[in-house]
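What follows is a set of notes on a single structure, which appears directly below.
The values are calculated or read from the model by the stated rules, or taken from the named source; none is laboratory data. Model, not experiment: these values are computed from the prediction. Neighbour counts are summed over all protein chains in view; Cβ atoms, including those assigned to glycine, are modelled from backbone coordinates with ideal geometry. Each accessible area value is taken on the protein alone, full model and side chains, heavy atoms only, with ligands, DNA and RNA left out. Shrake-Rupley method; radii C 1.70, N 1.55, O 1.52, S 1.80 Å.
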Amino acid sequence: MMVCEYKPGLEGIPAAQSSISYVDGQKGILEYRGIRIEELAEKSTFLETAYLLIWGELPSQQELQAFEHEVRHHRRIKYRIRDMMKCFPESGHPMDALQASAAALGLFYSLRDLHNPAYIRDSVVRLIATIPTMVAAFQLMRKGNDPVRPRDDLDYSANFLYMLNEQEPDPLAARIFDICLILHVEHTMNASTFSARVTASTLTDPYAVVASAVGTLGGPLHGGANEEVIQMLEEIGSVENVRPYIEDCLQRKSKIMGFGHRVYKVKDPRATILQKLAEQLFEKFGYDKYYDIAQEMERVVEEKLGGKGIYPNVDFYSGLVYRKMGIPTDLFTPIFAIARVAGWLAHWKEQLAENRIFRPTQVYNGHHEVSYIPIDQR
Ligand code: SDX
C-alpha cells in the first residue's frame, strides 16, 4: 500500500498547473501572466487586468472597449435579487449577503453550457459587473435606503464608489481604489481560489463557484483579516501602545492580523504598493494617526518576528486606504471579493479547459472493526 505524507494545510503541494499568476515568496515578486504587479498597478486598470488574467493576454484597444462596454451594460441587478436582499437582516455581515446574492444569480441564469465560449464570456461579464452593484445595494438597504442605480458614464471603480456614497468620487480616490482592485485580483493557489477550483471541477455553474469562493474568502485567516486589522489599530489607539500590544499577542500566542503569509517570507509586494497609496491619500485628505500606529507595528513585528519571515501582507495597509475613503470596515472584505472574482473566474476557465474532479485522499487515523453498542448499554 502506498503511504502518503500528510502535509497540514497542503503546504508545498501543487493543486493545479496554472499560467495565471506567479509568486516568488523569497524575493517578494508577484506577476500576473508574467507581468510584474508594480507595472500593472502603475499603468493598467482593473478591467484591463481582469481581461489579461481571464483571456491570457492584454486586450487590444478594441477588445478592451468591447469588454468595458459589456460590463457597463450588465451592472444592474434584477429587481427580484434586490427584493431578496431587502429581506436580509441589517445586522448580517455583508460577506454573507454577498455569498447569498452571488449564489442567487445562479437561479436566474441556470443554463449550464460550460463548453460554449459565449456562455463563459457572458457569465464572466455578468459576475464582474453585478458583484459591486450587490455590495453597494446591501450597504444602502441595510441603512434603510433604496439602492442607487449604476451610472453608465462612470468607469468601473468610480461607479462603485458612486453607488456606495451617492456622490461622484474624487478622481484620485477612484484611481487609487482601482489600483487596490488590481492588487487584490489574483494570487495563485490561495484558499478561496482553491475552493473555486474544487467547486469548478464538479462542473457546476460559475455562480456556485463564486459563491463558494466568497464564503472561503471571508474567514479572518484569509480576506477577513483586513477588517480585523482596522479593529486592531483602533484597539491599540496610540503609537506607545503598539509594543505592549504585540508583546501581549506573542505571549498569548495569538496571531497579529495583517502579518505573515504561507508563501511570502519578505514583505508582500502588494503591501508596499498599498502603503504608498495610503500616503498619497493622507497627503490629499489629511493625516491619519492610524498610519503612524501601523508603521510602528511594522517596526516592532519585524524586530520580534522578522527572523521567522513574518512581514505585512496585503491585508495590512488596504484597510487604511479604504478607511480614508470613508468606507465602512465590514465592506473591506466584500471589496476584496469584488476584485478577486475576476481571479476566481480565470481559474474557473483554466480548470474547465483541462478538468478532472478534485478528489484527494486522506490519512485515516481512526479505528477499525468496532462493534456497535446498543444505546441502552452506552
Ligand atoms: C490573505 O494565500 C494567499 O495567497 C492569501 C492572500 C491572497 O491574496 O489570496 O495573500 C490573502 O489571506 C493574506 C493573509 C491574511 N491573514 C492574516 O493576516 C492573518 C494573520 N496571519 C496568519 O494567521 C498566518 O500568517 C497565515 C494564515 C497568513 C499563514 O498561515 P500558515 O502559513 O499556516 O502559518 P502558521 O500559522 O502555521 O504560522 C507559522 C509560524 C508559527 O510560529 P511557530 O509555531 O512555527 O513558532 O509563524 C507564526 C506562527 O505562530 N505566525 C505568526 C503570524 N503568522 C504566522 N505569529 C504571529 N502573528 C502572525 N500573524
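Couple of notes before you dig in:
- Here the simple spin-label model places points 7 Å from the Cα toward Cβ, and for Gln62 and Arg36 these points are separated by 3.3 nm.
- The candidates Phe282, Phe46, arranged from most to least accessible area with a 1.4 Å probe in the full protein assembly, appear as Phe282, Phe46.
- Straight-line reach from Lys284: taking Cα to Cα under 12 Å and skipping same-chain neighbours fewer than 8 places apart, the aspartates and glutamates in range are Asp170.
- Measuring nothing but how far apart in sequence close Cα pairs (under 8 Å, 6+ apart) lie, relative to its length, the chain scores a relative contact order of 23 percent.
- In sequence order, region 344-353 has phi-based couplings of 4, 5, 4, 6, 4, 5, 5, 5, 5, 5 Hz under the Karplus curve 6.51 cos²θ - 1.76 cosθ + 1.60, θ = phi - 60°, and Gly or Pro positions carry x.
- Residues in region 304-319 reached by a label modelled at Leu250 [backbone nitrogen below 18 Å; 7 Å Cα→Cβ]: 304-313
- Computed accessible area, Tyr156, all protein chains, 1.4 angstrom probe, square angstrom: 20 Å²
- Pairs over the 27 Å Cα-Cα cut-off, from the set Lys43/Lys289; Lys43/Lys78; Lys43/Lys267; Lys27/Lys276: Lys43/Lys289; Lys43/Lys78.
- Taking all protein chains together, Lys253, Lys304 sort by accessible area into Lys253, Lys304, largest first [probe 1.4 Å].
- Ordered from largest to smallest accessible area (heavy atoms of protein chains, 1.4 Å probe), the residues Glu354, Glu70, Glu279 come out as Glu354, Glu279, Glu70.
- Distance between the pseudo-spin-label points of Leu172 and Asp376 (7 Å out from Cα toward the beta carbon): 8.0 nm.
- Spin-label pair His93/Gln26, simplified geometry with 7 Å Cα→Cβ offset, distance in nm: 3.6 nm
- Per-residue SASA entry for Asp155, accessible area with 1.4 Å probe, Å² rounded to 10: 90 Å²
- Size descriptors for region 225-324: radius of gyration and Dmax over Cα atoms are 12.7, 39 Å.
- Our estimate of slack between Gln295 and Ile357, defined as 0.36 nm per intervening residue step minus the Cα-Cα distance, is 17.8 nm.
- Among the protein heavy atoms, those of Glu11 account for about 100 Å² of accessible surface (1.4 Å probe, every chain in place).
- Over the chain, the pair-distance histogram of Cα-Cα distances with 10 Å bins from zero comes to 5, 23, 32, 24, 11, 4, 1, 0 percent, rounded to whole numbers.
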